[in-house]
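To start, the structure under review is shown below, and the notes come after it.
What follows draws every value from the coordinates through simple rules; no lab data is involved. The shown structure was predicted, so the numbers you read here are calculated from the model rather than taken from an experiment. Here the Cβ is made from the backbone with ideal geometry for all residues, glycine too, and neighbour counts use every protein chain on show.
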Amino acid sequence: MKKRKSLNASTYILIITILLFFVMYAAGMIAFKDKGFAKPQMFLNLFISNAGLLVIAMGETIVMITGGIDISVGSVTALVCMTAANQMQNHGASAWMAVVISLAIGLAFGLVQGYLVAYLDIQPFIVTLAGMFFGRGMTSVISTDMISIKNEQFLSWANHKIYLPIGTYSKRGKFLPAYIYPTVVIALIVLVLIILIMKYTKFGRSVYAIGGNVSSAMMMGLNVRKTKLKAYVLDGFLAGLGGFLFALNSCSGFVEQAKGFEMDAISSSVIGGTLLSGGVGLPFGTLFGVLIKGTISSLITTQGTLSSWWVRITLSALLCFFIVLQAILISMKKKKK
Amino acid sequence: MKKKLKRLTEMNLFMPVICLLAVLLINVITTPGFFRITMNQGVLYGYIIDVINRASELVVLAVGMTLVTAASGGQDISVGAVMAVSAAICCQILSGGEASVTSYQNSMILAVIAALAGAALCGAFNGFLVAKLNIQPMVATLILFTAGRGIAQLITKGQITYVRVDSYKTLGGYLGKSPVPTPIFAAALVLLVVWLILHKTSLGLYIESVGVNSTASHLVGLNSTMIKFLTYVICGLLAGVAGLIASSRIYSADANNIGLNLEMDAILAVALGGNVLGGGKFSLMGSVIGAYTIQSLTTTLYAMNVSADQLPVYKAIVVIVIVTLQSPVFRKKMKTLRGKGGGMRKSKERAAVKGGNQV
């Protein structure tokens, strides 16, 4: 009974989120029609520029469902980009090697943070705050200058356009097909995989059970510590992968990269209906959280006169709105009891 | 009974003091003449003065952070951003919207009050989310952590506002002919006021009891919500004070850099001071000692040619070591491993340092 009610609260939020996305996008289409907001390519650009974020937000969602949080993802992204760039440019590593290094960095972060959270019972926030500063600091240890990636293999991955059968016609009637990059394909595969894992595997269900109520999960015989560790390791792995996708998109590494990314990932999850108290959340909702973030930034860039700070502020305000909404829904639920 | 209590309080401050002494010892070894103080143009000079001076903002922040930690069992990570907001408000009012001025455009008192009010408002916002809506403190303050600098940018219209007036530099410089920098006085004053409030009223006791058990405190008739809210407002206000000191040092409002990464230092100071990050009993003195320890550590690292960008790496390792030491699970494990012994503390530390290096 309890479970169904809490799911309802989450469903409300998810519906609001999806509606909000469509309203925002439609408003953008009407307001910026002459600037090409209505073109299919504009919609696909949301995915192209946010592929990395989508993957990272998936990991964040899983950790948040366990009742934890990970604010180190932005720094991990920066560290991954910087290490990959540094290895390829200055140490002659191949692009494949860069992939392996990126994933290894993510896994290492996940393992250490997961161990500290799961086996030593330290607050996730403190652990990942330290991780955040550690990652950012290590990035500047590697290099304080910007490194652009010029590896041919890497660039061929980054610029490989996959054309879709949809598109628009130019003024002269020439067909311009819409395209996506391989990063989008990877991100979407990850999305589908995570949805399946969270819904149908033992691990996924354990994550929900632990987030809902740790003691009853323990009484059911679930290994709470192990599941938490796995969740953080998966989150770290996805942060590494997302970081690499981010590198494919930006083709460079620098210290200030992906600053505030953790905020984007957390707000995407929260806006998508993941409860901060844990136990409730859907990867599918997070997708819409990411899309809303993308829409806000492309609306503000298209508008042109507002400073980029407005993206952060709008997103923070939106996050605040959804957090308050959650709090109200939860307190309403308590009153009903 | 009294003797026992006394011994306990001594125990609580024992570790922080040892930490401070250890860092100072390293300082003496790496920089000979660390404790040398010279008079130059009627002003005191020396490494140690510099450490105490630079630590002032941190002390002020750590005091606020201690209260928040004690009452709500969470940390306010927006303090750095709130510092930027308060500095931005103050400078913007003083300059009347210009990028650089050589005389005040508005009264100084108005600017300071507005800046502190703005900072307290930020604190109240955090407090409302945490105390009233029961949101995890660090998630609630994450909102201002990200948005705060953006707001500060908007206030200063994206530029660095300079107030090139001598009297504005007083707070971060020297008061009249005093040989001691003003920030030291400011930090001492803040400490004194907060200490008096906590010990002359029952607020200190209330904060501890709410931190230990919020529900039980509510049942004995304490307004837990109000007390938590109050600690966040105080924390915001103190962040505002720290922002003013920092802004006065550079006689400008640099929204991007004022108080950057200071939230980490403040949390670290609280933890180093022997306060449990999960809330409950607290020791203001411990946090203050922690703050000075960190500033000495920072100075040491700078002396060892570590750049400002790389500092967080070392601080992150220190944080992890401290929280691991504090973790109940870790303590239990060590107890079963070693049994109860006098030399336990040292072995604990060594083990944790090893663990930290692996991170």
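Only counting other Cβ atoms within 10 Å, I'd like A:Leu193, A:Leu329 sorted with the fewest neighbours first. All intermediate terms of the calculation are to be shown ahead of the outcome.
Working: A:Leu193 12, A:Leu329 18.
Listing A:Leu193, A:Leu329 from fewest to most nearby Cβ atoms yields A:Leu193, A:Leu329.
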**OP:** Name the residues whose placed amide hydrogens come within less than 5 Å of the amide hydrogen of A:Leu282, ignoring near sequence neighbours (fewer than 5 apart) on the same chain.
**Re:** A:Thr274
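Using the count of nearby Cβ atoms within 10 Å as a rough guide to exposure, how do B:Val241, A:Val190 rank from fewest to most?
On the way: B:Val241 26, A:Val190 21.
Ascending number of Cβ neighbours within 10 Å: A:Val190, B:Val241.
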**OP:** Once every Cα of chain A carries one equal point scatterer and solvent is ignored, give the base-10 log of I(q)/I(0) from the Debye formula at q = 0.07 Å⁻¹, two decimals.
**Re:** -0.29
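What is the mean projected area of the alpha carbon convex hull for the protein assembly as shown, to one decimal in square nanometres? Kindly include the intermediate steps, with their values, before the conclusion.
Working: hull surface 139.2 nm².
Mean projected area of the Cα convex hull: 34.8 nm².
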Subject >> Sequence-distant residues sharing a close amide H with A:Gly167 (under 5 Å, placed H) >> reply: A:Ala178
Original post:
For region B:96-161, what does the alpha-carbon gyration tensor say about shape, rounded, prolate or oblate, given a ≥ b ≥ c as the root eigenvalues, a/c under 1.5 as rounded, and a/b over b/c as prolate?
Top reply: oblate
Original post:
Once both axes come from the Cα atoms, what is the angle between helix B:108-127 and the longest principal axis of chain B, in degrees from 0 to 90, rounded to 10?
Top reply: 40 degrees
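Assign unit charges at the C-beta atoms only (+1 for Lys and Arg, -1 for Asp and Glu), then state the dipole size of the protein assembly as shown relative to its Cα centre in Debye, rounded to the nearest 20.
Working: 57 positive and 22 negative charges, 501 e Å.
The calculated dipole for the protein assembly as shown is roughly 2400 debye.
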Original post:
Residue-wise, which Karplus ³J(HN,Hα) couplings in Hz belong to region A:258-275, taking 6.51 cos²θ - 1.76 cosθ + 1.60, θ = phi - 60°, and x for glycine or proline?
Top reply: 6, 6, x, 5, 4, 5, 4, 5, 5, 5, 4, 5, 5, 5, x, x, 6, 7
Original post:
Taking region A:127-171, how much of its Cα-Cα pair set, in percent, is spaced more than 15 angstrom apart?
Top reply: 70 percent
**OP:** For region A:196-208, take each phi angle, set θ = phi - 60°, evaluate the Karplus expression 6.51 cos²θ - 1.76 cosθ + 1.60, and give the result in whole Hz per residue in order, putting x for glycine and proline.
**Re:** 5, 4, 5, 8, 10, 9, 4, 4, x, 5, 4, 4, 4
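What does the convex hull of the Cα atoms come to per residue for region A:190-237, in Å³? Before the final figure, lay out the partial values.
Details: hull volume 3.1 nm³, N = 48.
Dividing the Cα hull volume of region A:190-237 by its residue count gives 64 Å³.
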Original post:
Of A:Lys35/A:Lys293; A:Lys293/A:Lys334; A:Lys259/A:Lys333; B:Lys228/B:Lys335, which ones are farther than 26 Å apart at the Cα?
Top reply: A:Lys293/A:Lys334; A:Lys259/A:Lys333; B:Lys228/B:Lys335
Subject >> Residue-by-residue Karplus 3J(HN,Hα) for region B:277-288, coefficients 6.51, -1.76, 1.60, Hz, glycine and proline x >> reply: 6, x, x, x, 5, 9, 9, 4, 4, x, 4, 5
Subject >> Inter-label distance, nm, simple model (7 Å from Cα along the C-beta direction), A:Tyr163/B:Ala303 >> reply: 6.7 nm
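Rounded to the nearest 500 deg cm²/dmol, what is the calculated helix-only ellipticity per residue at 222 nm for the protein assembly as shown, with -39500 (n - 2.57) per DSSP H run of length n ≥ 4?
Helix-only estimate at 222 nm: -24000 deg cm²/dmol.
With 10 angstrom as the radius, rank B:Ile18, A:Ile330, B:Ile289 by how many other C-beta atoms surround their C-beta, starting from the fewest. Could you put the intermediate results ahead of the total?
Details: B:Ile18 13, A:Ile330 18, B:Ile289 23.
By the 10 Å Cβ count, ascending, the order reads B:Ile18, A:Ile330, B:Ile289.
When all alpha-carbon pairs of region B:289-340 are counted, what percent fall beyond 17 Å? Each step should come with its number before you reach the end.
Values: 658 of 1326 pairs.
The share of Cα pairs beyond 17 Å in region B:289-340 comes to 50 percent.
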Original post:
So what are the three principal axis dimensions of region B:46-301 from its Cα atoms, in whole Å, longest to shortest?
Top reply: 57, 38, 34
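How much length, in nm to one decimal, is gained on full extension between B:Ile109 and B:Arg164, taken as 0.36 nm per residue of separation minus their Cα-Cα distance?
Numbers: separation 55, 0.36 × 55 = 19.80 nm, distance 1.69 nm.
Stretched out fully, the B:Ile109 to B:Arg164 stretch lengthens by 18.1 nm.
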Original post:
To the nearest Å, what is the center-to-center distance of region B:127-202 and region A:71-106, using C-alpha atoms only?
Top reply: 38 Å
Original post:
Residues of A:301-307, mean number of Cβ from any other protein chain within 10 Å of their own Cβ, rounded to a whole number?
Top reply: 1
Subject >> Cα-based Rg and Dmax for region B:120-211, where Dmax is the largest Cα-Cα distance (Å) >> reply: 18.4, 50
